[in-house]
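I have placed the structure first, in the form of structure tokens, so that the comments after it can refer back to it.
The values are calculated or read from the model by the stated rules, or taken from the named source; none is laboratory data. As the structure is a computational prediction, the values presented were derived from the model and not from experiment. Note: ideal-geometry Cβ built from the backbone for every residue, glycine included; neighbour counts use all protein chains shown. What goes into the accessible areas is simple: the full protein's heavy atoms, side chains included, and nothing from ligands, DNA or RNA. Shrake-Rupley method; radii C 1.70, N 1.55, O 1.52, S 1.80 Å.
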Amino acid sequence: SISDSFDIHGTIDEIKNAVVDGLSNIKQLVAKKKKKEIQKAQTAQSKINNLSRKIEQAEKKAQLMSQKTEYLTKIAKKDGLTGLYNRRAFDMNIKNSLNQFNKTNGLLALVIFDVDKFKWINDTLGHVSGDKVLQSVAKSLKETFRKDDFIARYGGDEFAVVIHNLNEGLAKKKISAFETLFNKNRFFSKRHGNITITLSAGITFAENGDSPEDLINKADMKMFEVKKKKKRNV
């Protein structure tokens, strides 16, 4: 329309006014276009910000879920009373440990501890006292054995320790150290006075071809031999 003004209008002033009006219209259209683009950009930025917030919230939620899953997984492997690993975790560990042993041919020992006359403790002193004994055993085991040793409540009054890369002499020294530490505990009953609590320990070393059941049975047999010897000496 600005170009047409030169043909439509006869005077310079008319052409000038037409050109000025045309340029003004262009300016207004550009301003409107710019305003729309700014609004679009603001809307897009708002959507981006909302999306970023949603992503951030989703990431936090995923992190919390991951932490919760990790916590529940950990709890599922722990014994509620003693804080040690439970039987389920032990079964998994002994299987994996034997697989590693068969690949590396290193040293793998299993020790099973059993609280002597535990039924008498529960029946005579009560289950609360029995629980305190088990907690004391767990505490002494954790303080005696190494961080890499796997300590579990095997079941009831039985505990198991899976030991890697420790020869028989050193492993037996660990058992003796545990017994010395545990014997420092004092158990007292108003009715029965001082109570002496002892444990029997059976240790065995893995051999090629051993299954988890084989290793457990061998450690059990060793432990029962110790119990029988104690009874003969009474």
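At a glance:
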read-out: The lone exception for R87 - which of (1) open to solvent by less than 70 Å² (accessible area, probe 1.4 Å); (2) on the phi < 0 side of the Ramachandran plot; (3) of a type outside the set (D, E) it fails; value: (1)
read-out: Some residue of segment 148-158 being in a helix (DSSP H, G or I) and either aromatic (F, W, Y) or buried (at least 17 other Cβ atoms within 10 Å of the Cβ) (or both); value: no
read-out: Residues (farther than 17 Å from L199 by Cα and hydrophobic (A, V, I, L, M, F, W, C)) located in segment 114-133; value: L125, V128
read-out: Failed item, numbered, when Q135 is tested on (1) of a type outside the set (S, T, Y); (2) modelled with pLDDT of 95 or more; (3) in contact with a strand residue (DSSP E or B) (Cβ under 8 Å, 6 or more places away or on another chain); (4) assigned to a helix (DSSP H, G or I); value: (3)
read-out: Test: residue in segment 41-50 that is in a helix (DSSP H, G or I) and under 25 Å from F150 (Cβ atoms); value: no
read-out: Residue match in segment 39-52 (condition: of a type in the set (D, E, K, R), surrounded by 10 or more Cβ atoms within 10 Å (Cβ to Cβ), more than 44 Å from the chain's Cα centre (by Cα) and at pLDDT 90 or above); value: yes
read-out: Filtered residues of segment 183-208 (kept if without any contact (Cβ under 8 Å) to a residue 40 or more places away in the chain and either open to solvent by 30 Å² or more (accessible area, probe 1.4 Å) or more than 24 Å from T124 (Cα to Cα) (or both)); value: N183, K184, R186, F188, K190, R191, N194, T196, E207
read-out: Cβ-Cβ under 6 Å pairs, at least 6 apart or on other chains, segment 22-38 side in a helix (DSSP H, G or I), far side open to solvent by less than 80 Å² (accessible area, probe 1.4 Å); value: G22/I2
read-out: Segment 159-202, residues that are assigned to a strand (DSSP E or B), among the aromatic types (F, W, Y) and within 30 Å of N96 (Cβ to Cβ); value: F159
read-out: All positions within segment 107-132 that are assigned to a loop (DSSP other than H, G, I, E, B) and more than 27 Å from the chain's Cα centre (by Cα); value: D116, K117, G126
read-out: For S97: the one exception among (1) in contact (Cβ under 8 Å) with a residue 60 or more places away in the chain; (2) open to solvent by 60 Å² or more (accessible area, probe 1.4 Å); value: (2)
read-out: In segment 173-182, residue farthest from R146 (Cα to Cα) [restricted to those that are open to solvent by 50 Å² or more (accessible area, probe 1.4 Å) and touching a strand residue (DSSP E or B) at 6+ places or on another chain (Cβ under 8 Å)]; value: E179
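Yes/no matrix, rows are residues, columns are (1) of a type in the set (A, V, I, L, M, F, W, C); (2) open to solvent by 80 Å² or more (accessible area, probe 1.4 Å):
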{"position": "L64", "(1), (2)": "yes, yes"}
{"position": "K68", "(1), (2)": "no, yes"}
{"position": "V111", "(1), (2)": "yes, no"}
{"position": "S136", "(1), (2)": "no, no"}
